[in-house]
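Everything below concerns the one structure shown next.
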Amino acid sequence: MYLYFRNFRMVLLIACAIFLIPGYRSSADTVAYYRVEEGSGSNLLDWVTNAYLGVHNATYSASVPVNPVPLNRLSNLWSLGVSGGQSATFSNQEFIFHNSYGDATLEFWINLPSQDHHSIFWTRNGSDDSNRYNIFTYPGGLFGFDYRDSNGDIHNLSRFYMVVDTWTHIAITRTVDSPSQHTYRSYEDGVLVATIVDSNPNLPTSTGWTISGRNGYSWTGMIDEIRFSNVALQPNQFLNATATLYSVDISPNVITGGNSATGTVTFSSPVGINTEVSLASSAPKIASVPTSVTVLSGQTSATFLITTSKVKADTPVTISASLNEVTLSEKLIVTPTSLTSITLNPTVVLSGKSVTGTVKLSKVAPADGWLVSLSSDNAVAPVPASVLVPAGANFARFTITTLYPDAVTIANISAMFGGTTKTAPLTVNPLTPVSLTLTPSTVYGGTSVSVKLTINALAPVGGKTVTLSSGNSAANCPASVVVPAGKSSVTFKIPTSNPAATTTGDISATLGGVTINAPLTVNHAIVTKLSVAFLPKASRYARGTVITLQATLLDETGKPVVGKTVTLKEFVSALGTRTVLGSLTTDANGQVQLTYTVPTDPAKDNVYIEAYFVGDVGYLPAPKASKRIPIGT
């Protein structure tokens, strides 16, 4: 009866200790955890189930690897020492790497001298060498493990050397990549030292396991903090992992009394388990905090609420966060000053123009001034991160230089001080076209139109692209045009094709959601053609002979084109010279004539007479006509 009561009291005390120790939370992934903290007796307590699942005849040792355990901060006073055939047996528990589990982790601390081949963990009842894992040591600190399946086949999984005669943390993880592939990783003091792939897994199925329980292979040394997990843990989740409290921050760090601030505790690396950080305030009646905040497993930070009361004067308060004898602090100033307004002038502005913002406080700023945070919810109206209200003043101004949106854009400009936010809307109007002038606005096909486009402000660096379109099928309008940087207008040309009949339609320019139009009329232009003849007609012309050069200009129907200027030229291909002979007006037959003397200079050979018509209002230019003079006798 006394032994039962003593064991019950021990279970109760240990269970209470789990929940009373700050920062400790049992992980749902932990299957079994033997801490060896009994200190006496022959039973080993599983801290997960609070049941004595192990029986041993070994000796408790006050030599421990760490105190407290880094991950969970539990006090660690005892380890288990084995020698001379001593062992611990867990008859009714399946070993973590046997086939009922998938991903898994075994971890423990061990301190052993160099010794012969001995089994640290033997994972079956009895000594039959089958259907078991064997985690063993060899002389010189060689550490390894394997398993033998139910068929008797051996699966070698890892070999590495560890330091002897010193405490070392060992973690072995298994990841089930697929039914046909398992990966084992071995870690020494949190460092990966071996990776082995089991490409034909056939896991043991036996129940029961031992520490130093293999007959004839018992080892000498000490072991502590044995934990089974049903996941493949990462190093930051091992028992030896230490996440350091790195900082405590407050936002905002100046708060108007009566408002709330947000505190953040941050660790140097992700915590391996849910970790509770104690909180304190130097003036809880002015700025109160919860007693603690919990950083969840795998996270690096957590936030907490700071609630303040109204004050009559600026009051500094120290907010502290503590864990494992480490305390970090940050100052919070609780002030009676509040943010009363933010105003903008003007509230509607054209792209690229500047706006003056003003923030105003309820009281003048102290000697160091007050910093008011600023933000904008739209990049078209960027603001500085903050503005300083100088000492003795209760307002400050700042400048917003707007960018160039493609449409009317509203940006909300916000000021934040003391936990209060004030917002003012700013409307930014885009650049838009204001005029589109065509010169001329009525043309004959085949000619170009000069276009001047003007926008409502100077274009920014890089220019501003304006979209163009044409409702006139004869106008070959480009898709866009760029107004150059620093300019408000651009002039460009639109070529036209020759329609079969007069066409009309608008040229359009679009920018900033605004489209303006200008009408364009393109009339059909008459197509012309030229021909050259020599009079009198002859098959050859002797040098020095006087002949008449005749050019005829006809329209697309073969009718004479009257009253148009035709130019005749002499081209001597042998010399590469071209000489204007005259420009004449076509007669009623569409013809021009010119007296010409066949060159007497023998050097002038291969002489051509060319006729040109460059076009006129309503008439398209004619292709050049050219004819060679046959010189000879």
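Numbers below:
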read-out	value
Conditions (1) crowded, with 22+ Cβ neighbours inside 10 Å; (2) under 16 Å from TRP219 (Cα atoms); number of the one not met by ASN57	(1)
Residue count for the stretch 226-253, restricted to those that are modelled with pLDDT under 95 and in a strand (DSSP E or B)	4
Members of the stretch 177-218 found to be of a type in the set (Gly, Ala, Ser) and closer than 30 Å to PRO70 by Cα, listed by number	SER186, GLY190, ALA194, GLY208, SER212, GLY213, SER218
Residue match in the stretch 21-40 (condition: crowded, with 19+ Cβ neighbours inside 10 Å, of a type in the set (Asp, Glu) and either closer than 17 Å to ARG227 by Cα or at pLDDT below 95 (or both))	yes
Of all residues in the stretch 446-462 being free of Cβ contacts under 8 Å to residues at least 40 places away in the same chain and among the small types (Gly, Ala, Ser), the one that is nearest to LEU350 (Cα to Cα)	ALA459
Within the stretch 535-561, tally of residues that are part of a strand (DSSP E or B) and either surrounded by 18 or more Cβ atoms within 10 Å (Cβ to Cβ) or of a type outside the set (A, V, I, L, M, F, W, C) (or both)	11
Any hit, the stretch 496-505, residues being open to solvent by 60 Å² or more (accessible area, probe 1.4 Å), touching a residue at least 24 places away in the same chain (Cβ under 8 Å) and within 30 Å of SER626 (Cα to Cα)	yes
Tally, over the stretch 429-472, of residues that are within 46 Å of the chain's Cα centre (by Cα) and small (Gly, Ala, Ser)	8
Counted residues, the stretch 111-125 - those being under 14 Å from TYR138 (Cα atoms) and assigned to a loop (DSSP other than H, G, I, E, B)	6
Members of the stretch 247-258 found to be in contact (Cβ under 8 Å) with a residue 40 or more places away in the chain and either among the acidic types (Asp, Glu) or open to solvent by 40 Å² or more (accessible area, probe 1.4 Å) (or both), listed by number	ASP249, PRO252, ASN253, GLY258
Of residues in the stretch 152-175 being more than 12 Å from GLU188 (Cα to Cα) and part of a loop (DSSP other than H, G, I, E, B), the one most open to solvent (accessible area, probe 1.4 Å)	ASP165
Extreme residue, most open to solvent (accessible area, probe 1.4 Å), among residues of the stretch 300-355 that are without any contact (Cβ under 8 Å) to a residue 60 or more places away in the chain and among the aliphatic types (A, V, I, L, M)	LEU305
Residue that is in contact (Cβ under 8 Å) with a residue 12 or more places away in the chain, among the polar types (S, T, N, Q) and surrounded by fewer than 14 Cβ atoms within 10 Å (Cβ to Cβ), where the choices are ASN125, ASN111, ASN92	ASN92
The listed residue being more than 14 Å from GLU330 (Cα to Cα), of a type in the set (Gly, Ala, Ser) and surrounded by 17 or more Cβ atoms within 10 Å (Cβ to Cβ), out of SER297, SER281	SER297
Residue ID - farthest from ASP149 (Cα to Cα), chosen from residues in the stretch 191-221 that are part of a strand (DSSP E or B) and either open to solvent by 30 Å² or more (accessible area, probe 1.4 Å) or β-branched (Val, Ile, Thr) (or both)	VAL191
Residues located in the stretch 527-553, provided they are modelled with pLDDT of 95 or more, among the aliphatic types (A, V, I, L, M) and under 15 Å from ASP616 (Cβ atoms)	LEU530, LEU553
Pairs where the first residue, in the stretch 209-220, is over 7 Å from SER119 (Cα atoms) and the second is at pLDDT 95 or above and assigned to a strand (DSSP E or B), C-beta under 6 Å, 6+ apart	TRP209/PHE90; THR210/THR89; THR210/TRP122; ILE211/ALA88; GLY213/THR89; GLY213/TRP122
Residue count, the stretch 384-407 (criterion: touching a Gly at 6+ places or on another chain (Cβ under 7 Å) and touching a residue at least 24 places away in the same chain (Cβ under 8 Å))	10
Selection count, the stretch 176-190, where residues are open to solvent by less than 70 Å² (accessible area, probe 1.4 Å) and in a strand (DSSP E or B)	8
Selection from the stretch 356-375 of residues that are more than 16 Å from SER338 (Cα to Cα), at pLDDT 95 or above and surrounded by fewer than 18 Cβ atoms within 10 Å (Cβ to Cβ)	THR356, SER375
Members of the stretch 41-50 found to be open to solvent by 30 Å² or more (accessible area, probe 1.4 Å) and either part of a strand (DSSP E or B) or under 13 Å from ASN92 (Cβ atoms) (or both), listed by number	ASN43, THR49
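Yes/no per residue for (1) among the aromatic types (Phe, Trp, Tyr); (2) assigned to a strand (DSSP E or B); (3) open to solvent by 70 Å² or more (accessible area, probe 1.4 Å); (4) under 27 Å from VAL461 (Cα atoms):
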{"position": "ALA381", "(1), (2), (3), (4)": "no, no, no, yes"}
{"position": "ALA407", "(1), (2), (3), (4)": "no, no, no, yes"}
{"position": "THR421", "(1), (2), (3), (4)": "no, yes, yes, no"}
{"position": "THR427", "(1), (2), (3), (4)": "no, yes, no, yes"}
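The values are calculated or read from the model by the stated rules, or taken from the named source; none is laboratory data. These figures come from a predicted structure and were not determined experimentally. Don't worry about glycine lacking a Cβ; one is built from the backbone with ideal geometry, like all the others, and counts go over all protein chains shown. Please note that ligands, DNA and RNA were not included when accessible areas were found on the heavy atoms of the full protein model with its side chains. Shrake-Rupley method; radii C 1.70, N 1.55, O 1.52, S 1.80 Å.
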